[in-house]
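Presented below is the structure to which this report refers.
The values are calculated or read from the model by the stated rules, or taken from the named source; none is laboratory data. Just so it is clear, the structure is predicted and the values come from calculations on it, not from any experiment. Positions of Cβ are backbone-derived with ideal geometry, glycine not excepted, and every protein chain shown enters the neighbour counts.
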DNA sequence: CCCGATAATGACACCGGTTACCATGGATCA
DNA sequence: TGATCCATGGTAACCGGTGTCATTATCGGG
């Protein structure tokens, strides 16, 4: 009995080492060094692109590494560097499509660099928000993080990251940071385009469903829209502006308010596509046909905007490119570059079928 | 000049260590050991829940760890374990919404476990596909991976993973593996429900837009649908079945074929929502109204299905729950459990407004 | 009260890379 | 030619944990 307990005990102590096949033995830096007849330090120099290696030596070592399919162990390197080769994607964004597209762009940007992308959604309203991020960043010793809106606008967060020596790149709708740490879209220009488009068609009474408070894009989109109208002598009537939350339901709610106005708007600009879809819904329920009775413009150009009927005129945001750019900015420091180009992307209005001149 | 070169050289050799703030000094296992007046091995035992620590000692150490906010370094642990604390999400799936939702479920499942999720999209048709995954798994010494359809059905891939001692969980539309490594949905039951629903309404000539070859779900969905029809004495006419690719465009193409048939079907089952959206489009172009002239059923219950008009009757798939379950299965081994429950999820038909009896 | 068995703990090498520092040899200069 | 300097490669210690195995408490029984 006692003997048995002991027998069981051993594997229990080595709890993490279960019966599964051991990972394949990979070549180590020592193997390479032995084969190349150099010290492992020299191999390390080659790995890290040190300029202090004779060209011959470098070539010979590189060849051996290639032959053996050797890739240095990121964990070991990370341990020594006190820094992992992981990049965190931190977000709390209601728009799944936006997140996944951004993710793809980022992965595109880090491809082949040896870095991996670790996703970390969070809850910006939780009291533990900062602690949660801090723990994540500290524990994983992240090389850097990408912040998506709206948490990219949180200055406490970026201060925390700097304090921990963690690189970051913000993705935002306005200029919030130095070029090296910012990938931005110029939402004002885009919404101005939308406003001009509606004004061109002759709309004068226009409704606006805004983004949620706390999003910089809310401010930017409204500002661009309103300024453009003003330049043409038009204005947003106060009762024609309602809050939204970038969700379908909030779009429905907003549209209900706008369309039950005595003097209802002839066009509605919803600050994202999801909300625009809500406007379609209410328009249909109210017996209004789009675009004859009501013009609708959205923002995002999600795949859905094309599935709606009639297809939604909306603003296309180069999310994929922004993701690629963000990843490259994060990695630039590795190569000793300090990017100074602003990388401001310009969203563009794509005209489809959801707008028309108002009925006379 | 020479002096200057030397001055520049030093930081260049330490290329990765740039001028940025050093990461905060965190408590290490040695700190804990010193404070608790034990060896670091004992602290390690506490960290790993070894049963060979006196209760007093464990408590004392645990308290100190809590006080100092100590969390063991996953990199160092991983190095020693020869295994990281990362979980890979490997996918090549055309449906972004599916991926994001699954991702969220997985993250939900690993929350608090100290594991992180590393996303790794890939191209299953690339000749380098297996090598790419192998490199990823080997390099990062992943604790385990989650495979989404259709690559979850790739037996070469799973063989490779086993060979490397890498745990995996497959997410699939049929029983492909042992319960411990499988999270499945029973697509047959769901599509049978869809078939019965259409048959109940009196449809006899029904079109089917299939999934792409290579997806197990293609087989399952068709089989469930066809068998249910057969039980009621109905059958799928050969010309009423067309290939799809789970994309909007393929839905459009398929619907064009089906709706230009001399004897066109009165109902179409599209094997996912994206393709169903394509059917809406073609129906509208053809002047057919949904559901009076044409009933449509989809599969997935993506957010979009609700934005379409009329709202799409479709099959809801508990993706989030499946994700959670997949993560838990992967982590179960840690706690010494071997899950034997099949975790077969049953998608359900959700009735909305896109179906009606055929015109007499 | 002592002994053997068992539970609890510790010493030390090691995981796979890195840095700090030292040793060497060749080139340069007076 | 010797002193000085630079480029290069080697060695040992370290990053923060874990495995192995030896060693020290603890306990029940004779």
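May I ask you to verify whether residue B:32 is within 12 Å of DNA strand D (Cβ to nearest atom), touching a helix residue (DSSP H, G or I) at 6+ places or on another chain (Cβ under 8 Å) and closer than 19 Å to residue A:141 by Cβ? Give the derivation first.
Numbers: within 12 Å of DNA strand D (Cβ to nearest atom): yes; touching a helix residue (DSSP H, G or I) at 6+ places or on another chain (Cβ under 8 Å): yes; closer than 19 Å to residue A:141 by Cβ: yes.
Yes: the conditions hold for residue B:32.
Spot the failing condition for residue A:256; the list is (1) buried (at least 20 other Cβ atoms within 10 Å of the Cβ); (2) on the phi < 0 side of the Ramachandran plot; (3) touching a helix residue (DSSP H, G or I) at 6+ places or on another chain (Cβ under 8 Å), and only one is missed.
Every condition holds for residue A:256 apart from (1).
With the structure loaded, tell me whether residue A:145 is buried (at least 22 other Cβ atoms within 10 Å of the Cβ), at negative phi, under 19 Å from the mean Cα position of the chain (by Cα) and at the interface with chain B (Cβ under 8 Å from one of its Cβ atoms) or whether it fails that test.
Answer is no for this residue.
Among the candidates A:207, A:211, A:165, A:112, single out the residue that is modelled with pLDDT of 95 or more and assigned to a loop (DSSP other than H, G, I, E, B). Even if it seems obvious, please write down each step before you answer.
Values: A:207 fails: assigned to a loop (DSSP other than H, G, I, E, B); A:165 fails: modelled with pLDDT of 95 or more; A:112 fails: modelled with pLDDT of 95 or more.
Selected residue: A:211, the only one of A:207, A:211, A:165, A:112 that is modelled with pLDDT of 95 or more and assigned to a loop (DSSP other than H, G, I, E, B).
For the stretch A:73-81, indicate whether the set of residues that are at pLDDT 85 or above, over 23 Å from residue B:165 (Cα atoms) and either over 36 Å from the mean Cα position of the chain (by Cα) or outside any helix (DSSP H, G or I) (or both) is non-empty.
For the stretch A:73-81, residues at pLDDT 85 or above, over 23 Å from residue B:165 (Cα atoms) and either over 36 Å from the mean Cα position of the chain (by Cα) or outside any helix (DSSP H, G or I) (or both): absent.
Checking residue A:127 against (1) away from chain B (no Cβ under 11 Å); (2) more than 16 Å from DNA strand C (Cβ to nearest atom); (3) in contact (Cβ under 8 Å) with a residue 40 or more places away in the chain; (4) in a loop (DSSP other than H, G, I, E, B), only one condition comes out false. Which one?
(3)
Can we say residue B:61 is more than 9 Å from chain A (Cβ to nearest Cβ), farther than 23 Å from residue A:80 by Cα and either at pLDDT 95 or above or within 13 Å of DNA strand D (Cβ to nearest atom) (or both)?
Details: more than 9 Å from chain A (Cβ to nearest Cβ): yes; farther than 23 Å from residue A:80 by Cα: yes; either at pLDDT 95 or above or within 13 Å of DNA strand D (Cβ to nearest atom) (or both): yes.
For residue B:61, the condition - more than 9 Å from chain A (Cβ to nearest Cβ), farther than 23 Å from residue A:80 by Cα and either at pLDDT 95 or above or within 13 Å of DNA strand D (Cβ to nearest atom) (or both) - is met.
Given A:223, A:180, which one is modelled with pLDDT under 95 and in a helix (DSSP H, G or I)?
On inspection, the qualifying residue turns out to be A:180.
What about residue B:106, is it away from DNA strand C (no atom under 12 Å from the Cβ), within 28 Å of residue B:221 (Cα to Cα) and part of a helix (DSSP H, G or I)? Walk me through it before giving the result.
On the way: away from DNA strand C (no atom under 12 Å from the Cβ): yes; within 28 Å of residue B:221 (Cα to Cα): yes; part of a helix (DSSP H, G or I): yes.
Criteria met by residue B:106.
If I ask for residues that are part of a loop (DSSP other than H, G, I, E, B), surrounded by fewer than 16 Cβ atoms within 10 Å (Cβ to Cβ) and within 12 Å of DNA strand C (Cβ to nearest atom), which ones from the stretch B:49-63 would you list? Full working, then the answer.
Let us first name the residues in the stretch B:49-63 that are part of a loop (DSSP other than H, G, I, E, B), namely B:49-54.
Filter once more, keeping what is surrounded by fewer than 16 Cβ atoms within 10 Å (Cβ to Cβ): B:49, B:51-52, B:54.
Result: B:51, B:52, B:54.
Any idea which of (1) in a helix (DSSP H, G or I); (2) crowded, with 21+ Cβ neighbours inside 10 Å; (3) in contact with a strand residue (DSSP E or B) (Cβ under 7 Å, 6 or more places away or on another chain) is the one residue B:136 doesn't satisfy?
(2)
Tally up the residues in the stretch A:322-336 that are surrounded by fewer than 16 Cβ atoms within 10 Å (Cβ to Cβ) and in contact with a helix residue (DSSP H, G or I) (Cβ under 9 Å, 6 or more places away or on another chain), please.
Here the count works out to 2.
Collect the residues in the stretch B:329-350 that are in a helix (DSSP H, G or I) and in contact with a strand residue (DSSP E or B) (Cβ under 9 Å, 6 or more places away or on another chain), keeping them in residue-number order. Steps first, answer last, please.
Step one: filter the stretch B:329-350 for residues in a helix (DSSP H, G or I), giving B:329-335.
Passing the criteria: B:329, B:330, B:331, B:333.
Restricting attention to the stretch A:300-326, which residues are within 13 Å of chain B (Cβ to nearest Cβ), in a helix (DSSP H, G or I) and out of contact with any strand residue (DSSP E or B) (no Cβ under 7 Å at 6 or more places or on another chain)?
Answer for the stretch A:300-326, where residues must be within 13 Å of chain B (Cβ to nearest Cβ), in a helix (DSSP H, G or I) and out of contact with any strand residue (DSSP E or B) (no Cβ under 7 Å at 6 or more places or on another chain): A:304, A:306, A:307, A:319, A:320, A:323.
Please name all residue pairs, on different chains or six or more residues apart, with Cβ atoms under 6 Å, provided the first residue is in the stretch A:43-55 and is in contact (Cβ under 8 Å) with a residue 40 or more places away in the chain and under 15 Å from residue A:31 (Cα atoms) and the second residue is near DNA strand C (Cβ under 7 Å from one of its atoms) and in a helix (DSSP H, G or I).
Hits for this filter: zero, empty list.
State whether one or more residues within the stretch B:34-46 are within 12 Å of chain A (Cβ to nearest Cβ), at pLDDT below 95, farther than 26 Å from residue A:76 by Cα and part of a helix (DSSP H, G or I).
No, the stretch B:34-46 contains no residue that is within 12 Å of chain A (Cβ to nearest Cβ), at pLDDT below 95, farther than 26 Å from residue A:76 by Cα and part of a helix (DSSP H, G or I).
Condition test on residue A:35, is it surrounded by 16 or more Cβ atoms within 10 Å (Cβ to Cβ) and farther than 20 Å from residue A:110 by Cα? Outline the logic, then answer.
Values: surrounded by 16 or more Cβ atoms within 10 Å (Cβ to Cβ): yes; farther than 20 Å from residue A:110 by Cα: yes.
Yes: the conditions hold for residue A:35.
Tell me which residues, restricted to the stretch A:56-87, are without any contact (Cβ under 8 Å) to a residue 40 or more places away in the chain and within 29 Å of residue A:145 (Cα to Cα). So that I can check it myself, show each step before the final result.
As a first pass, look at the stretch A:56-87 and keep what is without any contact (Cβ under 8 Å) to a residue 40 or more places away in the chain: A:56-67, A:75-77, A:79-81.
The answer is A:75, A:76, A:77, A:79, A:80, A:81.
Just to be sure, is residue B:208 more than 20 Å from residue B:312 (Cβ to Cβ), touching a residue at least 12 places away in the same chain (Cβ under 8 Å) and touching a strand residue (DSSP E or B) at 6+ places or on another chain (Cβ under 8 Å)?
No: the conditions fail for residue B:208.
Is there a residue being in contact with a strand residue (DSSP E or B) (Cβ under 8 Å, 6 or more places away or on another chain), facing another protein chain (nearest Cβ under 9 Å), under 15 Å from residue A:103 (Cβ atoms) and modelled with pLDDT of 95 or more anywhere in the stretch B:92-99? Reasoning before the result, please.
Residues of the stretch B:92-99 that are in contact with a strand residue (DSSP E or B) (Cβ under 8 Å, 6 or more places away or on another chain), as a first pass: B:92, B:95, B:97-99.
Now narrow it down to the ones that are facing another protein chain (nearest Cβ under 9 Å): B:97, B:99.
If we keep only those that are under 15 Å from residue A:103 (Cβ atoms) too, we end up with B:97, B:99.
Filter again for modelled with pLDDT of 95 or more, leaving none.
Checked against the condition, which is being in contact with a strand residue (DSSP E or B) (Cβ under 8 Å, 6 or more places away or on another chain), facing another protein chain (nearest Cβ under 9 Å), under 15 Å from residue A:103 (Cβ atoms) and modelled with pLDDT of 95 or more, the stretch B:92-99 yields no hits at all.
Taking into account only those residues within the stretch B:64-84 that are more than 9 Å from DNA strand D (Cβ to nearest atom) and surrounded by fewer than 18 Cβ atoms within 10 Å (Cβ to Cβ), which is farthest from the other protein chains (Cβ to nearest Cβ)?
Step one: list which residues in the stretch B:64-84 are more than 9 Å from DNA strand D (Cβ to nearest atom), which gives B:64-69, B:83-84.
Next, only the ones that are surrounded by fewer than 18 Cβ atoms within 10 Å (Cβ to Cβ) stay: B:66-69.
Numbers: B:66: 13, B:67: 16, B:68: 13, B:69: 8 Å.
Only one residue fits best here, namely B:67.
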